[in-house]
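Input: a single structure, listed below in structure tokens.
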Amino acid sequence: MTTPPDLLYSEPEDDLRAAVRALLTDRADLPAALTRAESGDPYDPALWTSLTAGIGVAGLLVPESLGGQGAGHREAAVVLEELGRAVTPAPYLTSSVTATATLLACDADSPDIAGLLTALAEGRRVAVLALPFGTAPDSPLPVGADPVRGVADAVRADVLLVPRQDGLYAVETASPAVTVEPLTPLDLTRPLAAVTVDPGAGLRIAAAPVAGSAVRAGLLAGAGLLASEQLGIAEWCLEESVRHTKDRHQFNRPLGSFQALKHRMAQLWLEVVSARAAARAAADALATGSPDAPLAVALAQAYCGPVAVHAAEECVQLHGGIGMTWEHPAHLALKRAKSDATALGSTGRHKEALAALTDLPAPG
Amino acid sequence: MTDATELRTRVAELIAAHPPSGTGRDDFLRARFDAGLAWLHYPQGLGGLDAPRSLQSVVDAGLAAAGAPDNDPRRIGIGLGMAAPTILRYGTQEQKERFLRPLWVGDEVWCQLFSEPGAGSDLAALATRAVRDQASGDWIVDGQKVWTSSAHLARWAILIARTDPTLPKHRGITYFLCDMTDPGVEVRPLRQLTGEAEFNEVFLTGVRIPDAHRLGGIGEGWQVARTTLMNERVSIGGARLPREGGMIGAVARTWRERPELRTHELRQRLLTLWVEAEVARLTAERVRQQLVAGQPGPEGSGLKLSFARLNQEISGLEVELLGDEGLLYSDWTMRRPELVDFTGRDAGYRYLRSKGNSIEGGTSEVLLNIVAERVLGLPSEPRDDKDVAWKDLAR
């Protein structure tokens, strides 16, 4: 048997969690997210500065020599748990994880990439992959689509990473060669856009074979750590459901004393603790560069996506009529959870990836 | 302070004094107990050294390397997992000295006389009576117990019985150590839906138990029993497994080796269960890492629930996957196995036996209540049996 993954949280990870949670509790609770989403621009630039320049979360994957924190995927996963709990509108998954991991898998020492990585690590700039948000790590890249629909956080990006036949290009969104047209997303807290980039625009930062594997590495890191965001969403939904059903009385008893409801929440708790093990295994496999990483990521995605959706659906239902209102933030979690279940590859896609990795073939 | 180095020295001394090649199995185990190397976290003189439990692996590895015989934790599971920790916590010095050594060595097998035909999940409703004989001070026990594994092999039993029916049900119970060879103890095999008699019914008629075999105070049996039950729940479902090490492994192997059995519908179920089994394995590994790190979390209380459901679903899938072969069963002859062995059996047996996984050691419904109340802090349902004398409760 190989060495098992480290599934616990280290003390520095606990400290990081406490710092991020304190900031989000203070500055970005769910009602605040709702207010901002309604304003048409869900992002809070001051919050992003506090997260990145203040706590340094954007540079966790980036080596210190490039201006990052030189930490790793385990730490970034803890940040995503917290961002998931608060359904925070921030381009963390897209820029600080997926785009950053893509650039790190290119020649990170080349001056162009190093400079961009430093800017991303410091939170001064935001980069996103110009791919539909549903793209799985093992899917063929849809290069040459025009426009590319469903690019997450493109409206907030300074730089697009554009995969083309002959390599990966960095294109400034401010350039006249780029059009970013906002779409109306199911998840109000993670904007989607249709992106058009003139052919030939931008700077080629990786040639074809490297570009393909680098994009896949970025998508793998994104999918693996998305599981931690899903864990955070599920945790918040369970805690809110428990809190509400303890307080709310019907039929002269607290709702939470009814066995039918208790069993549903206990079941959800089982799913949440299991999702935690799966998400930690994926983060650890990515952090250690384990050859098991594609399997650990597919496993975490196949499990955690449905758990977050189930938790959010239960949260709405257990809140009854209150859960159905725009005013109560449960819908933000539901919309994020349901979108996340398609993001970076659907549950079914990840199960197929697992089947290939574990030799469980389809009927002939 | 005991450390790993000192323990290695003690193991070497034990091996030198009792070379495994020239020492009988039981004699070696007794010597190991006397050297304090049986269960390190137990007190000196009772098989331990008051040492941290985490160091046990040092001793076990050293003894295994020397080819020393081990006691058989599976065969003596109830004694080791339930009777011993309860005797350690509530027993008198005489009781500890009398019972722990033969229990650990396996000279004396234990069984557990808790459940009754009318008291399963509502265990505190039990009706077996223990009445004090004023002349001798002995207790005279009458009643019926059920689902008693190993009773036909057991020398001793842990027993709870009602000693005061005028008190509310949790308060009138007392805990005893019962000699299974006493006249009045009758063990009958209880045949289950698998065809086997893995458990027993135990009839107690005028069984005389000396007061010296009472464990804990009169009327305090429920608190004592809770120690036993907590240890039972810890011991079920905590084994460390490799990937595909549980029942999912058998199904996955059949899938790979028998392409003619594959259908699309079965594959979807197989993939879902493969994911859930692997995640359950990681969850158990996480619990294990928490224990090693000295940070036990509540996650362990969910493992039994997860494994029970998975065993049932996977074994159900396996019967269907096997098609015509799944229609066959190995043998309906009534047997009395000493151990439950899922891995060495066929799919039909696994399917049928796994139905017990969500009942034995606490039904899944009761365990979900425990998670909801103790972990999530949800309120209990209203109860009307707590302040009523047991004799006045509806039965």
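The values are calculated or read from the model by the stated rules, or taken from the named source; none is laboratory data. No experiment lies behind these values; they were computed from the predicted model shown. Quick reminder, even Gly has a Cβ in these numbers, built from the backbone with ideal geometry, and neighbours come from all protein chains shown. The area values use the complete protein model at the heavy-atom level, side chains included, leaving out ligands, DNA and RNA. Shrake-Rupley method; radii C 1.70, N 1.55, O 1.52, S 1.80 Å.
For the reader, a short list of remarks on this structure follows.
- Residue within the stretch A:135-151 that is open to solvent by less than 10 Å² (accessible area, probe 1.4 Å), within 21 Å of A:Ala211 (Cβ to Cβ) and not hydroxyl-bearing (Ser, Thr, Tyr) present: yes
- Within the set B:Val340, B:Val388, the sole residue that is surrounded by fewer than 19 Cβ atoms within 10 Å (Cβ to Cβ), more than 14 Å from every other protein chain (Cβ to nearest Cβ), touching a strand residue (DSSP E or B) at 6+ places or on another chain (Cβ under 8 Å) and of a type in the set (Val, Ile, Thr) turns out to be B:Val388.
- Cβ separations smaller than 6 Å between residues 6+ apart or across chains give no pair from the stretch A:286-299 residues that are modelled with pLDDT of 95 or more to residues that are of a type in the set (S, T, N, Q).
- Within the stretch B:271-318, considering residues that are within 11 Å of another protein chain (Cβ to nearest Cβ) and among the hydroxyl-bearing types (Ser, Thr, Tyr), the one surrounded by the most Cβ atoms within 10 Å (Cβ to Cβ): B:Thr283
- Given (1) over 30 Å from B:Leu352 (Cα atoms); (2) in contact with a helix residue (DSSP H, G or I) (Cβ under 6 Å, 6 or more places away or on another chain); (3) crowded, with 20+ Cβ neighbours inside 10 Å; (4) not basic (Lys, Arg), index of the condition B:Gly137 fails: (3)
- Looking across the stretch A:38-66, the residues that are without any contact (Cβ under 8 Å) to a residue 12 or more places away in the chain and hydroxyl-bearing (Ser, Thr, Tyr) come down to A:Ser39, A:Ser65.
- Which numbered condition A:Thr288 misses (of (1) buried (at least 22 other Cβ atoms within 10 Å of the Cβ); (2) out of contact with any helix residue (DSSP H, G or I) (no Cβ under 6 Å at 6 or more places or on another chain); (3) hydroxyl-bearing (Ser, Thr, Tyr)): (1)
- Count - residues of the stretch B:189-234 that are open to solvent by 30 Å² or more (accessible area, probe 1.4 Å), under 25 Å from B:Ile87 (Cβ atoms) and part of a loop (DSSP other than H, G, I, E, B): 3
- Considering each residue of the stretch A:168-176 in turn, at least one proves to be touching a residue at least 40 places away in the same chain (Cβ under 8 Å), touching a helix residue (DSSP H, G or I) at 6+ places or on another chain (Cβ under 9 Å) and within 15 Å of A:Ser95 (Cβ to Cβ).
- Complete set of residues in the stretch A:314-333 that are assigned to a helix (DSSP H, G or I) and over 12 Å from A:Met265 (Cα atoms): A:Val316, A:Gly320, A:Gly321, A:Ile322, A:Gly323, A:Met324, A:Ala330, A:His331, A:Leu332, A:Ala333
- When the residues of the stretch A:332-364 are filtered to those that are surrounded by 18 or more Cβ atoms within 10 Å (Cβ to Cβ) and charged (D, E, K, R), the one that is nearest to the other protein chains (Cβ to nearest Cβ) is A:Lys351.
- Restricting attention to the stretch B:362-385, the residues that are farther than 17 Å from A:Trp269 by Cα and acidic (Asp, Glu) add up to 3.
- Here B:Ser57 meets each of (1) at pLDDT below 90; (2) closer than 11 Å to B:Asp3 by Cα with one exception, condition (2).
- Counting residues in the stretch A:256-272 that are at the interface with chain B (Cβ under 9 Å from one of its Cβ atoms), in contact with a Pro (Cβ under 8 Å, 6 or more places away or on another chain) and either at pLDDT 95 or above or crowded, with 22+ Cβ neighbours inside 10 Å (or both) gives one or more.
- Complete set of residues in the stretch A:1-13 that are within 22 Å of B:Leu282 (Cβ to Cβ) and touching a residue at least 40 places away in the same chain (Cβ under 8 Å): A:Thr2, A:Pro5, A:Asp6, A:Leu7, A:Leu8, A:Tyr9, A:Ser10, A:Glu13
- Identity of the residue in the stretch B:249-270, over 19 Å from B:Tyr351 (Cα atoms) and of a type outside the set (Asp, Glu), that ends up nearest to the other protein chains (Cβ to nearest Cβ): B:Arg262
- Test: residue in the stretch A:296-304 that is open to solvent by 10 Å² or more (accessible area, probe 1.4 Å) and either in contact with a Lys or Arg (Cβ under 7 Å, 6 or more places away or on another chain) or closer than 24 Å to A:Arg264 by Cβ (or both): yes
- Criterion violated by B:Gly246 - all others in (1) open to solvent by 20 Å² or more (accessible area, probe 1.4 Å); (2) more than 7 Å from every other protein chain (Cβ to nearest Cβ); (3) modelled with pLDDT of 95 or more satisfied: (3)
- So A:Val126, is it of a type in the set (Val, Ile, Thr) and open to solvent by less than 40 Å² (accessible area, probe 1.4 Å): yes
- In the stretch A:281-294, the residues that are farther than 20 Å from A:Ala356 by Cα and within 7 Å of another protein chain (Cβ to nearest Cβ): none
- Pairs with Cβ under 7 Å, 6+ apart, first in the stretch B:52-72 and without any contact (Cβ under 8 Å) to a residue 24 or more places away in the chain, second surrounded by 12 or more Cβ atoms within 10 Å (Cβ to Cβ): B:Arg53/B:Leu40; B:Arg53/B:His41; B:Gln56/B:Leu40
- Residue within the stretch A:217-228 that is assigned to a helix (DSSP H, G or I) and open to solvent by 10 Å² or more (accessible area, probe 1.4 Å) present: yes
- B:Leu376 vs. criteria open to solvent by less than 30 Å² (accessible area, probe 1.4 Å) and free of Cβ contacts under 8 Å to residues at least 24 places away in the same chain: yes
- Counting only helices (runs of 4 or more DSSP H) that fall entirely inside the stretch A:10-123 and contain at least 2 residues that are within 19 Å of the chain's Cα centre (by Cα) and at pLDDT 95 or above, the qualifying elements are A:11-27, A:45-49, A:73-85, A:100-104, A:111-121.
- The stretch B:70-106 - residue that is among the small types (Gly, Ala, Ser) and crowded, with 21+ Cβ neighbours inside 10 Å and, of those, farthest from B:Asp27 (Cα to Cα): B:Gly91
- Residue within the stretch A:201-215 that is open to solvent by 10 Å² or more (accessible area, probe 1.4 Å) and of a type in the set (Ser, Thr, Tyr) present: yes
- Which numbered condition B:Gly377 misses (of (1) touching a Ser or Thr at 6+ places or on another chain (Cβ under 8 Å); (2) within 14 Å of another protein chain (Cβ to nearest Cβ)): (1)
Let's see how each residue does on (1) open to solvent by less than 10 Å² (accessible area, probe 1.4 Å); (2) small (Gly, Ala, Ser):
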| site | (1), (2) |
| --- | --- |
| A:Ala33 | yes, yes |
| A:Ala37 | no, yes |
| A:Leu51 | yes, no |
| A:Val57 | yes, no |
| A:Gly70 | no, yes |
| A:Glu81 | yes, no |
| A:Thr102 | yes, no |
